[in-house]
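Enquirer: Mind having a look at this structure? Questions to follow.
The values are calculated or read from the model by the stated rules, or taken from the named source; none is laboratory data. Computed from a predicted structure; not experimentally measured. Using ideal geometry, Cβ is built from the backbone for each residue, glycine included, and neighbour counts are taken over all protein chains shown. Keep in mind that these areas ignore ligands, DNA and RNA; they rest on the heavy atoms of the full protein, side chains included. Shrake-Rupley method; radii C 1.70, N 1.55, O 1.52, S 1.80 Å.
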Amino acid sequence: MFRLDGKRVFITGGGGGIGRAAALMFAAFGAHVVVLDLDSAAAEGVRCEVAELGGAASAFALDVSDEASVLSVFSQAEREAGGLDVLVNNAGISICRPSTELSLEDWNRVVSVNLTGMFLCSRTAARSWIGRGVPGAVINTASIMSYSGGGLHPNISYQSTKAGVVNLTRTLAVEWADNDIRVNAVAPTWVRTPLIDHLMADEGQMEKIRNLTPLKRLAEPEEVAAAMIFLAGRASAMTTGHVLAVDGGYLAR
Ligand code: NAD
């Protein structure tokens with residue numbers, strides 16, 4: 001139920017953090033992984049890691065917020081991989097500032113990567129699936145911050161876009177259900193990746209995170225990747241429009 005042999009899995013933001021862990025795990029479950037990242041050297045590095053472990057992978061530079069880049073890279077990557085079965089919309093950025101000090105440029109950058117990028121990649125994949133009359137699966141990376149006003153530090157653009165990811169997920173799940181395209185999301189708690197280096201360097205903040213989390217720790221990238229594996233294949237064939245928390249109980253409080 002969990003094997004993904006022969007599936008072509010595109011992972012945005014696959015060059016680092018959660019995306020890298022996902023690339024390695026999808027390959028271990030038999031998928032051909034297409035690593036897509038703004039940082040082409042990072043994408044290539046993950047492709048090499050997958051290949052060294054005996055997996056199949058390709059790597060491409062991609063800016064998810066750039067429509068022309070999404071259209072041309074997806075079409076090239078689909079040709080090279082022989083198709084596309086699962087899209088993992090994982091690229092995301094965070095710019096922490098008090099809302100009164102956040103520039104419009106920074107707001108727009110976060111919206112364009114975290115939300116518009118997800119729309120562009122999903123639309124491109126769905127056009128391909130619907131055009132060929134084949135099923136597909138989309139997995140979006142939301143966050144516990146999709147449901148929370150935060151509190152550790154001000155981050156209005158991140159929290160607004162992650163809330164948007166939840167309803168983008170539900171809306172596309174409903175719209176594309178007739179086309180046999182499932183759309184789900186994961187909502188991680190704080191995960192040990194470079195995105196939160198600034199928090200991990202601050203013991204006071206780490207103590208607050210432990211106190212907010214019933215399981216009293218951060219998540220590891222592999223724990224988020226494992227939830228993505230479930231949402232990608234036959235094991236979740238009846239699951240769509242769902243947001244799977246990987247949060248150590250944060251949202252249950
Ligand atoms: P990360 O910074 O370690 O990795 C993000 C990757 O995305 C990087 O490789 C980066 O180069 C790439 N990227 C950035 N902008 C891009 C763009 N425009 N186009 C393509 N690629 C781009 O971060 P991470 O923690 O692995 O985050 C992955 C996802 O998980 C994000 O959506 C993030 O919001 C979400 N998330 C992270 C945490 C956490 O605590 N780390 C918690 C909840 C959700």
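Enquirer: Roughly how many Å² is the accessible area per residue of the chain, as a whole number, for a 1.4 Å probe?
Expert: Values: 10950 Å² over 253 residues.
I get 43 Å² per residue for this part.
Enquirer: Amide H neighbours of V88 under 5 Å, at least 5 residues apart or on other chains, H built in the peptide plane: list them.
Expert: Sorted by chain and number, the residues that satisfy this are F10, I11, T12, I139.
Enquirer: Related question: Please turn the phi angles of the stretch 56-70 into ³J(HN,Hα) values with the Karplus equation 6.51 cos²θ - 1.76 cosθ + 1.60 (θ = phi - 60°), one per residue in order, whole Hz, x for glycine and proline.
Expert: Calculated HN-Hα couplings, in order: 9, 7, 10, 9, 9, 6, 8, 9, 4, 8, 10, 4, 4, 5, 4 Hz.
Enquirer: Could you go through the stretch 141-151 in sequence order and give the Karplus-derived ³J(HN,Hα) for each residue, using 6.51 cos²θ - 1.76 cosθ + 1.60 with θ = phi - 60°, rounded to whole Hz, and x for Gly and Pro?
Expert: My calculation for the stretch 141-151 gives 9, 8, 5, 4, 6, 4, 10, 9, x, x, x Hz in order.
Enquirer: Further question on the same structure: Give the angle, between 0 and 90 degrees and rounded to the nearest 10, that separates the Cα long axis of helix 40-52 from the longest principal axis of the Cα atoms of the chain.
Expert: Long axis of 40-52 versus the principal axis of the chain: about 60 degrees.
Enquirer: Within the accessible area of the stretch 8-245, what % is carbon and sulfur when the probe is 1.4 Å and the other protein chains stay in place? Intermediate results must be reported in sequence, preceding the final value.
Expert: Numbers: 5480 of 9920 Å².
Of the solvent-accessible surface of the stretch 8-245, carbon and sulfur hold 55 percent.
Enquirer: Using DSSP to call loops (not H, G, I, E or B), can you name the trypsin sites (Lys or Arg not before Pro) in the stretch 188-225 whose Cβ has at most 11 other Cβ atoms within 10 angstrom?
Expert: In loop regions of the stretch 188-225 (DSSP not H, G, I, E or B), the sparsely surrounded trypsin sites (Lys or Arg not before Pro) are K216.
Enquirer: In addition: Considering only DSSP beta bridges whose two residues both sit in the chain, what percent are antiparallel, to the nearest 5? Could you put the intermediate results ahead of the total?
Expert: Working: 0 of 30 bridges.
So the antiparallel bridges amount to about 0 percent of the total.
Enquirer: With every protein chain present, what accessible area does S99 have (1.4 Å probe, heavy atoms only), rounded to the nearest 10 Å²?
Expert: Around 70 Å² of this residue is reachable by solvent.
Enquirer: While we're on this one: Tell me which residues come under 5 Å, amide H to amide H, from G136 once H is placed; ignore anything under 5 positions away on its chain.
Expert: Counting only residues 5 or more places away or on other chains, the set is I181, R182.
Enquirer: Between T100 and E207, 0.36 nm times their residue separation minus their Cα-Cα distance comes to what?
Expert: Details: separation 107, 0.36 × 107 = 38.52 nm, distance 2.71 nm.
Difference between extended and current length: 35.8 nm.
Enquirer: Given R₀ = 30 Å, what would the calculated FRET efficiency be for A61 paired with M200, taking r from the Cβ atoms and rounding to 0.05?
Expert: Working: r = 28 Å, r/R0 = 0.92.
So the FRET efficiency works out to roughly 0.60.
Enquirer: Just to verify a number: what accessible area does C121 come out at with the full protein assembly present, 1.4 Å probe, Å² rounded to tens?
Expert: 0 Å²
Enquirer: Report the net charge of residues surrounding L212, where surrounding means a beta-carbon distance below 13 angstrom and charges are Lys +1, Arg +1, Asp -1, Glu -1. Could the numbers behind the result be given before it?
Expert: Details: positive: K208, R210, K216, R217, R253; negative: E207, D247.
Once positives and negatives cancel, what remains is +3.
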